[in-house]
Amino acid sequence: MHKICVTYTHHKLGDLIWQLPYIKAISEFHQLPVDLIVREKTQAKNILFDLEYIKNIFYNNYRKGLYYWYDVLKLSKIFYKNKYTHVYMLDKVNKPGIAARITGIKHIIGPGFGNQRKWITNNKILNINDFKLSYSEQSQKLLKLNSIPVNDKIPFLKVNIKRFEKKNIDLLKKGKKISFGIDSFEDFKMWYEEDFVKLANLLYKKKIFDYIYLICGPDKSYMAKKIIDLSNKKYFIDCSQKDLGGIIYAIKNSDIYIGNNSGPLNLSAALNIKTFGLIANDPISELKYSKIKTITPIDYTDNIWNRNRQGMKKLTVERVFSQILEHLKQ
C-alpha cells in the first residue's frame, strides 16, 4: 500500500497557499490523503486542519549552517517512522531528498534543480529555464511530467471558523464588515496608511461597511495605530495582535478584503472572500492562478519590479475606489 509525503520549504503563507492545488492533485492521483512537511512559520497545522486531502502535518524549519544535518536527521526520523513509499518535493531544496535516500524510500520526486537531481528518482525533471517560472507553474510542470493531472489550479481553503470563535469574540460586531490588509513581508508592496484612511472615508459614504478589520502582523502594529489616529473614526478594528486563527476569523466575517500583495491577500482569496489586491510595484502575473481581483495604476506594466515603496503612490485612492465599486456592481 502506498503512503505519500509532500514537502514544501518556503516560509511565506501565500507561497504555501499557492501549492494547495498541487498537494490536492497528488492526493487525488494516489487516491488517499497525504502527509505534509512544512516550516512551522506557516502555521499549517492551524490553517490546513480541515482539508480532507491532508492527513498529518509535520514541521521542519529547513535551516542552514550547523543545523543543516540536524534537520536532515529530523526528516529521516519522520520518514522512517511513517514508512512512506513516495516523497514529493515541490521546490528545489535537497534535504528531503537526502533524508529519503537515507531511509530507503523508492520514489523520490522533485523538480531536479541543481544538486537535487542527485537525490531524486524521477527521470523527467524541470530544465534550467523553468527556474524562471512562478512556483505554481513549476509545480504544474513537475506534476505534468510525472503524469499527475491537476483538475483545478485555483487554491481553495476550507476552514471551520468555529474553531477560532471562542478566542475572538471581540471581533464579532453587528453590521457589515470588510478587511484592509495593510502590511506585507516586503515594505515596497505596501500602500500608504493615509491612502487607506481616504479609501475608508469614500467606502463609508457609500455604506459599504460598518466596521473595518485592519489586518497586519504584530511587527507592523504601528501601521494600524497610524491609520486609526489619522482617521479618528470608530469603525476600525485593530487585528495586529491576533494570531493566524484570529486573522482567518476576521477575514471570513468580511464581505470584501482589500489589501497589499501578501499572505493574507492570498489567504482571503482561497477562503472565497471577494478579494482586491493593490499592486503597483510587483508583477500581477504571479497571481493569475487565484481569484484575486488586482487593482493597478493606469500606466502599470506587468513583470516589472520596483523596490521603492514610493511607487505605490501611483495607485491613487480614486482609482482603487472606482475599481472596487465597478466590481461590486457586477
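Some notes on this structure:
- Principal axis extents of the C-alpha atoms in the chain (largest first, rounded to whole Å): 63, 45, 41.
- Rg(Cα) / (2.2 N^0.38 Å) computed for the stretch 1-118, rounded to two decimals: 0.97
- The stretch 98-242 - accessible surface per residue (Å², probe 1.4 Å): 55 Å²
- Springs join every pair of Cα atoms under 10 Å in this Gaussian network model of the chain, and among 178, 237, 128 the largest mean-square fluctuation is at 128.
- By average C-beta atoms within 10 angstrom, highest first, the peptides 9-19, 166-176: 9-19, 166-176
- Residue ranges 248-256, 193-201 sort as 248-256, 193-201 when ordered by packing (mean number of other C-beta atoms within 10 Å per residue, highest first).
- Across the accessible surface of the chain, with the other protein chains kept in place and a 1.4 Å probe, carbon and sulfur atoms take up 52 percent.
- By average C-beta atoms within 10 angstrom, highest first, the peptides 263-271, 27-35, 147-155: 263-271, 27-35, 147-155
The values are calculated or read from the model by the stated rules, or taken from the named source; none is laboratory data. Not measured: the values here are computed from a predicted model. No Cβ is skipped: glycine too gets one built from the backbone with ideal geometry, and neighbour counts run over all protein chains shown. Ligands, DNA and RNA are excluded from the accessible area calculation, which covers all protein heavy atoms including side chains. Shrake-Rupley method; radii C 1.70, N 1.55, O 1.52, S 1.80 Å.
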